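Below: one structure in structure tokens.
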Amino acid sequence: MPSTDAKVVPKREGFSSRKVFILAAIGSAVGLGNIWRFPYVAYEGGGGAFLIPYLIALLLAGIPLLYLDYSIGHRFRGSAPLSLRRLGRGAEWLGWWQVLICIVIAVYYAAILAWAGKYTLLSFTKGWGADPNAYFFSDYLKAAETPGPTFDFVPEITLTMVLFWVIAIGVLAMGVQAGIGRTAVIFIPALVVAFIALVVISLTLDGAAAGLNAFFTPDWAALKDTGVWISAIGQIFFSLSVGFGIMITYASYVGRKTDMTGSGSVVAFSNSGFELLAGIGVFAALGFMAQSSGQDISEVVASGIGLAFIAFPAIINEAPAGALLGVLFFGSLVLAGVTSLISILEVVIGAVRDKVGISRRTATFVVGVPMAVASILMFSTTGGIYLLDTLDAFVNSFGILAVATVMMLVVSGVLAKLPELERHMDMVSSIKLRGWWRWLIGVILPIILVVMLVREMGTKIATPYEDYPAELINVFGWGMAAALPIIAIALSLIPWRRGTVLSGDPDEVLAAEEAQDALLVDGGDKA
Amino acid sequence: MTTTAIIMMIVAMLTIWGGLIAAILNLNTRGNASAEDIARAELQRDL
């Protein structure tokens, strides 16, 4: 039975409207990967021909996976661990695994945001000088010569990281609607406007047409390569923020009558629409860089940190209105990154709130401050870049894939809950799932994700990652990836706060939610 | 730009941005109807 004790049952918050939820979900999905990963993956995957596996992956993998997260969060009305606990007794640990992955990602994501923030300011004066590569690694990061953790702090990075953590904690302390929702309502339109301006400027640069030509010219032979199809699924998978608790958490903050599949399709196509925009902007700029340096596009194309902090500063150095281009590019990274960081942190805060029953502000500080301290201690050092790279490769690329695969197998195979989730989605949604979704989530996608997982593991075992020292890979790579599910099982053994409804009966879940709404223990609006 | 690249660019824009417009239109026209379905289902259950 739901508790009626006002002191231990905090009111469940929510987004004030469907529009705010959609913007927050877009804010989570649109992140750094849209800007710095998609253009490279598409180019390497056959240029214009990549559109075919990409669209198929969007429709048959990305959107169904998004619906799975939505269905769990929306039906069971809780953070990832609570929703999965209500789904089935043995599934709670999967939610904690997702929470732990979010903790790891958040601590290094804040460092990248700090770099992007600093580079936004540097853009005004092109402060990285004539050699952006040397500036980034030697002058700015002061990267240690030997990869591994160090305790040599770089004060400039420390200060910027503190600033971003204060912003993130401040936003989250304000609550779901007043903090997360309002930030998304302001940041997402600002991001779209800034990026459209960047694309327009990039398209006016000499060589832009050559860049677009390289980006869109189809290499049909690439479609015969299974690696290209897997890379399309991987791009969609990592870009949509599915499989690690964010969409479960956000879906639990939405009104019970919200059209979830209709909203999800808007989120998914917005995410892909932004990726296409990023591809156009980035390749137009790379076309300019290739022309001004007398190189071929294939020689200047880059992704990730190399694209953002080395190639783009070089473009900005040469381009007319380079300072404006830089502010728009790095400002876009900051806007996209902040909303994503907030969504990652909310997974942790929501889980802690549900588990121990504390107020939002207390949970935000209890979770946010230790994470900020750990983040700054680890990533504002001269060894931070190596830790970041290792954690990103093993916990992000490998860990999310692993938890999503196991979650699908547990939900469909062990608990056999897909029919229930499908009925729920069909009841609340405009786009009906009617069997096709169950077939994809229960059969096809687990097989594909297992293949991707085995492939990813094989690559990482066969080739020592980046030739980093074994101890770095073993502790922060494999060690961390293996430790998270074990810690998650331990966390799932901790009892829930008194009065928590753990039943998966929707009537009991709703009765508990309505009882909480009536209590008005702490702040936050209900959708 | 080559003709093939231009065609692929247009196809990409039409499918992805067109898909977004279609998704928004669907949500605006049919999204509210699904809420009414739930209300009706809940009323029937309560009765």
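Shape of the range A:227-301 from its Cα gyration tensor (a ≥ b ≥ c, root eigenvalues): rounded if a/c is under 1.5, otherwise prolate when a/b > b/c, or oblate?
Working: a/c = 3.79, a/b = 2.59, b/c = 1.46.
Judged from the Cα gyration tensor, the range A:227-301 comes out prolate (a/c at least 1.5, a/b above b/c).
Please work out whether the range A:277-367 counts as rounded, prolate or oblate from its C-alpha gyration tensor, where a ≥ b ≥ c are the square roots of the eigenvalues and a/c under 1.5 means rounded, while otherwise a/b larger than b/c means prolate and anything else oblate?
Details: a/c = 4.52, a/b = 3.25, b/c = 1.39.
Verdict is prolate for the range A:277-367.
On the full set of protein chains, 1.4 Å probe, figure out the accessible area of A:PHE309 and give it in Å² to the nearest 10.
0
Same structure again: Ordering A:ARG438, A:ARG77, A:ARG85 from largest to smallest accessible area (1.4 angstrom probe), what's the sequence?
Largest to smallest exposure gives the sequence A:ARG438, A:ARG85, A:ARG77.
Something else: Could you report the accessible area of B:MET1 in Å², rounded to 10, computed with a 1.4 Å probe on the protein chains as they sit in the structure?
Using a 1.4 Å probe on the heavy atoms, I get roughly 80 Å².
Report the charge-dipole magnitude of the range A:45-119 in Debye, nearest 20, computed about the Cα centre from +1 at each Lys and Arg Cβ and -1 at each Asp and Glu Cβ. Could you put the intermediate results ahead of the total?
Numbers: 6 positive and 2 negative charges, 54 e Å.
It works out to roughly 260 debye.
Going by a ≥ b ≥ c, the root eigenvalues of the Cα gyration tensor, does chain A fall in the rounded group (a/c under 1.5), the prolate group (a/b larger than b/c) or the oblate group? Mind showing how you got there, number by number?
Values: a/c = 1.64, a/b = 1.44, b/c = 1.14.
Taking the square roots of the gyration eigenvalues as a ≥ b ≥ c, chain A is prolate.
Here's another thing I want to ask about it. Compute the distance in nm between two label points, each set 7 Å from the Cα along the Cα-to-Cβ direction, one at A:VAL369 and one at A:VAL162.
Placing both labels 7 Å beyond Cα along the Cβ direction yields 1.5 nm.
Would you mind calculating the relative contact order of the range A:171-293 from Cα pairs under 8 angstrom and at least 6 residues apart, reporting the percent as a whole number? Please report the intermediate quantities before stating the final value.
Values: 73 pairs, mean separation 64.5, N = 123.
Computed value for the range A:171-293: 52 percent relative contact order.
Can you tell me, using C-alpha contacts under 8 Å and at least 6 residues apart, the relative contact order of chain A as a whole percent?
On the way: 897 pairs, mean separation 193.3, N = 527.
Taking the mean separation of contacting Cα pairs over the length of chain A, I get 37 percent.
On a 0 to 90 degree scale, rounded to 10, what angle separates helix A:506-519 from the longest Cα axis of chain A?
Relative to chain A, helix A:506-519 is tipped by roughly 90 degrees.
Got a sec? What order do A:ASP354, A:ASP467, A:ASP392 fall in by accessible area at 1.4 Å, biggest, i.e. largest, first?
Working: A:ASP354 15, A:ASP467 130, A:ASP392 50 Å².
The residues order as A:ASP467, A:ASP392, A:ASP354, largest area first.
When the solvent-accessible surface of protein heavy atoms is calculated with a 1.4 angstrom probe, in what order do A:SER412, A:SER202 fall, highest first?
Working: A:SER412 25, A:SER202 0 Å².
Correct descending sequence by accessible area is A:SER412, A:SER202.
Provide the gained length on full extension for the span A:ALA134 to A:ALA416, in nm with one decimal, where the gain is 0.36 nm per separating residue minus the Cα-Cα distance. Write out the running numbers ahead of the final one.
Values: separation 282, 0.36 × 282 = 101.52 nm, distance 5.45 nm.
Extra length from A:ALA134 to A:ALA416 when fully extended: 96.1 nm.
On to the next question. What number comes out for accessible area per residue over the range A:18-526 if the probe is 1.4 Å? Units Å², please. Spell out each step's value before the answer.
Working: 17040 Å² over 509 residues.
About 33 Å² of surface per residue is accessible.
Another question, then. Between helix A:226-239 and chain A, what is the angle of the helix's C-alpha long axis to the longest principal axis, kept within 0 to 90° and rounded to the nearest 10?
Roughly 60 degrees, rounded to the nearest 10.
Then there's this: By how many degrees, between 0 and 90 and to the nearest 10, does the Cα long axis of helix A:92-125 differ from the longest principal axis of chain A?
Its long axis makes an angle of about 30 degrees.
Using a 1.4 Å probe on the protein heavy atoms, what percent of the accessible area of the protein assembly as shown belongs to carbon and sulfur?
Details: 13820 of 20930 Å².
Percent of accessible area from carbon and sulfur atoms in the protein assembly as shown: 66.
Can I ask one more? How far apart, in nanometres, would the label points at A:ALA482 and A:LYS432 be if each is projected 7 angstrom from Cα along the Cα-to-Cβ direction?
Once both label points are built, they end up 4.9 nm from each other.
Next question. Starting from the 7 Å offset along Cα-to-Cβ, what nm value, one decimal, do you get for the label separation of A:ALA323 and A:LEU121?
1.6
In the full protein assembly as shown, how much of A:GLU456 is accessible to a 1.4 Å probe, in Å² to the nearest 10?
50
Please compute the average number of Cβ atoms from other chains found within 10 Å of each residue's Cβ in peptide A:217-229.
Details: counts 7, 5, 0, 1, 0, 0, 0, 0, 0, 0, 0, 0, 0.
What the average comes to for A:217-229 is 1.
I need the trypsin sites (Lys or Arg not before Pro) found in the range A:457-509, filtered to DSSP loop residues with at most 13 other beta carbons within 10 Å of theirs. Walk me through the numbers on the way to the answer.
Numbers: sites: A:LYS460, A:ARG497, A:ARG498; in loops: A:ARG497, A:ARG498.
Sparse-neighbourhood loop trypsin sites (Lys or Arg not before Pro): A:ARG498.
The values are calculated or read from the model by the stated rules, or taken from the named source; none is laboratory data. The model shown is predicted, which means the values in this text are computed figures rather than measured ones. So basically every Cβ, Gly included, is an ideal-geometry build from the backbone, and we count neighbours across all protein chains shown. These accessible areas exclude ligands, DNA and RNA; they are computed on the full protein's heavy atoms, side chains included. Shrake-Rupley method; radii C 1.70, N 1.55, O 1.52, S 1.80 Å.
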